[in-house]
Amino acid sequence: MKKLLSLLLAGVMTLSLAACGGSADATDADNSAESGGQKYVIATDTAFPPFEFTDASGNFVGIDVDIINAIAEDQGFEVDIQSLGFDAALLAVQSGQADGVIAGMSITDERKQTFDFSDPYYTADVTMAVAKGSDIKSFEDLNGKVVAVKTGTNGADFAKSMADQYGYTVTEFKDSPTMYQDVIAGNTAACFEDYPVMAYNVQQGAELEIPEGMTGAGSDYGFAVKKGENADLLAAFQAGLANIKANGKYQEIIDSYTK
Ligand code: GLN
């Protein structure tokens, strides 16, 4: 209903602009984007740096946040970014409470049953991580131990897929910081997390380390909408992503968090 209203409003605005003989110059375009542009609710994770996190000044920032904002600006729509948590973000889109999700979300065949994905915008492996100074260095060392994963993630699937083979059990957490804390406290022997996120946290001083070579489950990240819904938003994301890749904005965003 809201959507219909703003579509109608946009239509009325276009008509009235035309009636005044106003040409859509840059200023008019800006105004119409602000007042008549479609507003989408975009769900994301809470703490998944450098993709989404709250910085030292209390601002919610990150690669995903900057990408969706840059695309919204490029395509003339507005976003209401909601930091819900990873599995909650996916559920919000499935239940129609959010229009799209950008959360370092891996494009998988299973998820393609229920989501439509954009083109990939990033690629990442999953890695094991352990407490600093831990003597656990490999999957073999996990025998008889408990490992921590985040609910609904690729990392959780990866850890579960090897649990029988290496003789460990898996316990789930809702968010990454709580999962890391459990490993640092020594309750769990290791956690599984996307490599760039783990590397960023270690670089920022997390009391964790990344053993060599304990990686896998490589995947591409995509923006997603509920399957069969919000085709307009998905198309705008695609077009905007192509534009910000072509004009250097995409690379600028990546570099600002990874250099
Ligand atoms: N890339 C992983 C996945 O899609 C983790 C995403 C996340 O924790 N935000 O499952």
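A short reminder: the numbers here are calculations on the coordinates, not readings from a lab. No experiment lies behind these values; they were computed from the predicted model shown. Every residue, glycine among them, receives a Cβ derived from its backbone with ideal geometry; neighbour counts consider all protein chains shown.
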Next on the checklist: For the condition over 21 Å from Pro49 (Cα atoms) and either surrounded by 23 or more Cβ atoms within 10 Å (Cβ to Cβ) or without any contact (Cβ under 8 Å) to a residue 12 or more places away in the chain (or both), what is the one hit in Lys145, Lys137, Lys160?
Outcome noted: Lys160
Next on the checklist: Taking the criterion of being in contact (Cβ under 8 Å) with a residue 60 or more places away in the chain, part of a helix (DSSP H, G or I) and within 15 Å of the ligand (Cβ to nearest atom), would at least one residue in segment 208-228 satisfy it?
Outcome noted: no
Checklist outcome for this item: Those residues of segment 163-181 that are in a helix (DSSP H, G or I) and not hydroxyl-bearing (Ser, Thr, Tyr) come to a total of 6
Checklist entry - Do the conditions hold for Thr54, that is, is it hydroxyl-bearing (Ser, Thr, Tyr) and touching a helix residue (DSSP H, G or I) at 6+ places or on another chain (Cβ under 6 Å)? => result no
Checklist outcome for this item: Within segment 148-199, residues within 12 Å of the ligand (Cβ to nearest atom), over 22 Å from Leu91 (Cβ atoms) and within 17 Å of the chain's Cα centre (by Cα) come out as Tyr195, Pro196, Met198
Checklist outcome for this item: The residue from Ala185, Ala236, Ala242 that alone is over 17 Å from Pro50 (Cα atoms), buried (at least 16 other Cβ atoms within 10 Å of the Cβ) and not hydroxyl-bearing (Ser, Thr, Tyr) is Ala236
Checklist entry - Taking Ala124, is it touching a residue at least 40 places away in the same chain (Cβ under 8 Å), within 16 Å of the ligand (Cβ to nearest atom), buried (at least 19 other Cβ atoms within 10 Å of the Cβ) and within 24 Å of Gly218 (Cβ to Cβ)? => result yes
Next on the checklist: Quick test for you: out of Phe115, Phe48, Phe139, Phe53, pick the one residue that is more than 14 Å from the ligand (Cβ to nearest atom) and of a type in the set (Phe, Trp, Tyr).
Outcome noted: Phe139
Checklist entry - Only one of (1) among the hydrophobic types (A, V, I, L, M, F, W, C); (2) without any contact (Cβ under 8 Å) to a residue 40 or more places away in the chain; (3) closer than 15 Å to Val130 by Cα is not met by Ala235, so which one is it? => result (3)
